[in-house]
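The values are calculated or read from the model by the stated rules, or taken from the named source; none is laboratory data. Because the structure is predicted, anything quoted here is derived from the model rather than measured. Positions of Cβ are backbone-derived with ideal geometry, glycine not excepted, and every protein chain shown enters the neighbour counts. In case anyone asks, the SASA skips ligands and DNA or RNA and just uses the protein heavy atoms, side chains included. Shrake-Rupley method; radii C 1.70, N 1.55, O 1.52, S 1.80 Å.
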Amino acid sequence: QVQLEESGGGLVQAGESLRLSCAVSGTIVSMYAIGWHRQAPGKQRELVAAMLGQDITRYADSVKGRFIISRDNGKNIMYLQMNDLKPEDTALYFCNGRGDYSLNYTTYWGQGTQVTVSS
């Protein structure tokens with residue numbers, strides 16, 4: 001079975017940093033694409049950051065220069081480093097991974113971790 005579980009969320013003040021982690025119960029090397037999405041109350045879920053392969057990244061304009069997505073294949077963990085957090089970053093953050101051929105290109109989602117940024 002493949003399961004994703006986020007951790008690292010919390011309540012922080014504007015300007016502070018958080019590092020979200022997403023543990024993959026299977027093998028992350030079978031994920032050819034990983035990403036982080038977020039959903040704030042009353043808003044649609046949006047893509048925050050994505051990584052294709054090992055080094056091709058994509059970020060939402062709102063987080064460029066502040067957030068960094070990475071993966072540690074040895075630990076089967078993906079990360080989202082969030083710097084200079086702003087109140088508008090407040091949301092439930094989800095990690096996801098898209099499996100390769102061996103996983104029939106299935107997309108897996110975590111249950112989410114809450115990030116709340118106060119001003």
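Compute the projected area of the convex hull of the Cα atoms of segment 38-104, averaged over all viewing directions, and report it in nm² to one decimal place. Can you show the working numbers first?
Details: hull surface 22.2 nm².
Dividing the Cα hull surface by four gives the mean projection, 5.6 nm².
What size of dipole, in debye to the nearest 20, comes out for the chain about its Cα centre when the only charges are +1 on Lys and Arg C-beta atoms and -1 on Asp and Glu C-beta atoms? Please list the in-between numbers first.
Details: 11 positive and 11 negative charges, 22 e Å.
Computed charge dipole of the chain: roughly 100 debye.
Give the accessible area for Leu103 in Å² (nearest 10); use a 1.4 Å probe, count only protein heavy atoms, and leave out ligands, DNA and RNA.
Its heavy atoms expose roughly 40 Å² to the probe.
Which parts of segment 102-119 would a label at Leu11 reach, counting a residue when its backbone N lies under 16 Å from a point 7 Å out along Cα-to-Cβ?
It comes to 114-119, nothing else.
Cα-based Rg (one decimal) and Dmax (whole number) for segment 66-119, in Å?
Answer for segment 66-119, Rg first and Dmax second: 13.8, 45 Å.
Give me the three principal axis extents of the chain from the C-alpha atoms, as integers in angstrom, largest value leading.
45, 25, 24
List the chymotrypsin sites (Phe, Trp or Tyr not before Pro) within segment 87-119 that DSSP assigns to loop and that have no more than 12 neighbouring Cβ atoms inside 10 Å.
Tyr105
Work out which trypsin sites (Lys or Arg not before Pro) in the chain are exposed loop sites (DSSP not H, G, I, E or B, at most 15 other Cβ within 10 Å) and give the longest gap free of them.
76-119
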